[in-house]
Each structure stands twice: as C-alpha cells, then as structure tokens.
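Taken together, the values in this text are just the output of simple stated rules run on the coordinates, not laboratory data. Worth saying up front: this structure is predicted, and the values here are computed from it rather than measured. Virtual Cβ from ideal backbone geometry, glycine too; neighbours counted across all protein chains shown.
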Amino acid sequence: SSTAQGLTTAAAAAAPGMVVSSSRVWGNVSLAKQKQAQADAQAGLSGPSGPFLRTFRNRFAPVAVRWASLLLQECDVRKHGVDLFGRDSLLLGRLLTVLGVFVEAAAATPAALPLSAGLLELVKAPQVSGHKEVFVRRSALVAASQVVRHLPPARLAGAMVGRQQDAQDAVLVDRLQWLMGWAQAVAAGDVDEHCRILAAGCVAWHVELAEGAMAALEHLPEPEGPSLSAAV
C-alpha cells in the first residue's frame with residue numbers, strides 16, 4: 001500500500017544502512033530491569049536533593065518506522081486468510097492501537113513525523129474512518145489522538161513553512177487538516193457515545209497542538225509556504 005511504501009522510504013532516511021534484524025526475546029532483560037528498579041527503591045537510593053534520576057536512550061526510535069512499515073505492508077490486501085478491511089475488524093483495531101503506541105514511544109524523535117503521517121493515512125482510509133464496527137472507529141480515534149498529543153509543535157511549525165523541504169511534511173499537514181474536520185464530524189454526529197467523547201478529546205488536543213505550533217512559529221524563519229492557520 002502507499003502508506004507502507006511511504007514508511008519504508010522514511011525508514012531508509014531515518015536509519016541509513018540499517019538492516020532488518022532477527023527477532024530477540026526481551027522478556028528477561030525487562031524483568032531484570034524491573035527487579036533492579038524495585039531493589040533500588042527498597043534500598044532508598046538518594047542523592048543530596050532527593051532520589052537519583054536515571055536517563056535512558058530511546059532504543060525504539062531507530063527501528064520504529066521500519067517496524068511500522070512491516071506491519072502496514074500490503075495491509076489492504078487479503079492474504080493468508082487475513083482480511084483487515086473486511087471480516088477481521090478486531091485485528092484492524094489492534095493494529096491502530098499498536099501504531100498509536102508507536103507514535104507515543106517515538107515522540108520527540110525524528111521518527112515521530114513519518115509515523116504520524118503513516119498512521120493518519122491509514123485512519124483517513126474510508127474503510128477505517130467510516131468503519132461500521134464501533135471498536136475500529138474508537139481505535140482510530142485513540143490512535144489519532146496519540147498523534148496530536150505527541151507530535152512536537154515546533155516540528156509541525158517547521159513542516160508548515162517547508163523548512164525541511166520534505167514531501168512527508170506536506171502530507172502530514174494535509175492529514176492533520178483532514179483529521180480536524182473528521183473528528184469534529186464524529187463528535188457531532190456519531191451514533192456511539194464513546195466515539196463522540198473520544199472525538200471531542202481529539203479536537204481539544206488538536207487545538208492545543210495548533211496553539212503550540214503557532215507559538216513555535218514565532219521562532220522560525222519567515223514562512224515561504226502556506227499559512228499555518230490554513231491547516232490547523
């Protein structure tokens with residue numbers, strides 16, 4: 001699909017020279033970290049002004065786009081008995097949820113924009129945004145809200161003025177403009193109450209993102225593209 005192709009291109013740009021690695025089991029590592037954290041808490045490790053703060057490098061961001069592109073590869077094609085846009089609506093909803101988590105996990109990294117653009121491209125598909133199953137529409141709204149909650153406002157402002165000269169910037173801005181209209185329509189007229197509530201929340205997050213982008217725009221060079229207010 002076009003969404004998967006776009007994410008594949010973004011993966012190559014975000015992580016040049018990377019190759020798809022084999023699967024690894026992270027359960028033991030995660031469990032060891034949890035036990036260490038619990039041991040530190042019980043030991044009451046602290047510094048002069050309070051508990052020690054640990055910082056960790058985001059190891060997910062370099063592979064986020066590649067993983068998303070693999071999940072979306074030919075997702076609109078019925079194969080191996082899986083029909084995401086047909087009878088397998090539960091899997092479609094789960095896919096949307098996972099992609100929303102990807103966006104959250106990669107927030108404030110270069111992977112955030114291609115992930116957001118790819119996710120909104122999927123949500124925009126009529127088979128998703130207009131799905132008859134409530135679960136899918138709810139999942140789409142939650143995933144879209146993850147985008148507007150975690151997309152860096154400064155990066156969106158840069159996309160609006162064409163600072164990066166990236167085609168994906170234009171796609172993202174267009175999808176955000178569509179998202180606002182769709183969320184407002186759902187909030188006003190969806191038959192499901194939870195969908196209306198989720199849509200209203202998405203609209204509120206969208207407005208907050210727009211305000212942050214407008215504030216960040218003051219610190220960017222003079223815009224050369226369309227105005228920010230036209231898209232948000």
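For a Förster distance of 30 Å, can you work out the FRET efficiency between the beta-carbons of Arg196 and Asp88, rounded to the nearest 0.05?
The value I calculate is 0.70.
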FRET efficiency for Ala108 and Arg78 from the Cβ-Cβ distance with R0 = 25 Å, rounded to 0.05, comes out at 0.10
In order over region 63-73: 3J(HN,Hα) from phi, Karplus 6.51/-1.76/1.60, θ = phi - 60°, whole Hz, x for each Gly or Pro, gives 10, 4, 5, 5, 5, 5, 5, 5, 5, 8, 4
Using alpha carbon centers only, region 200-218 is separated from region 140-154 by a whole-angstrom value of 10 Å
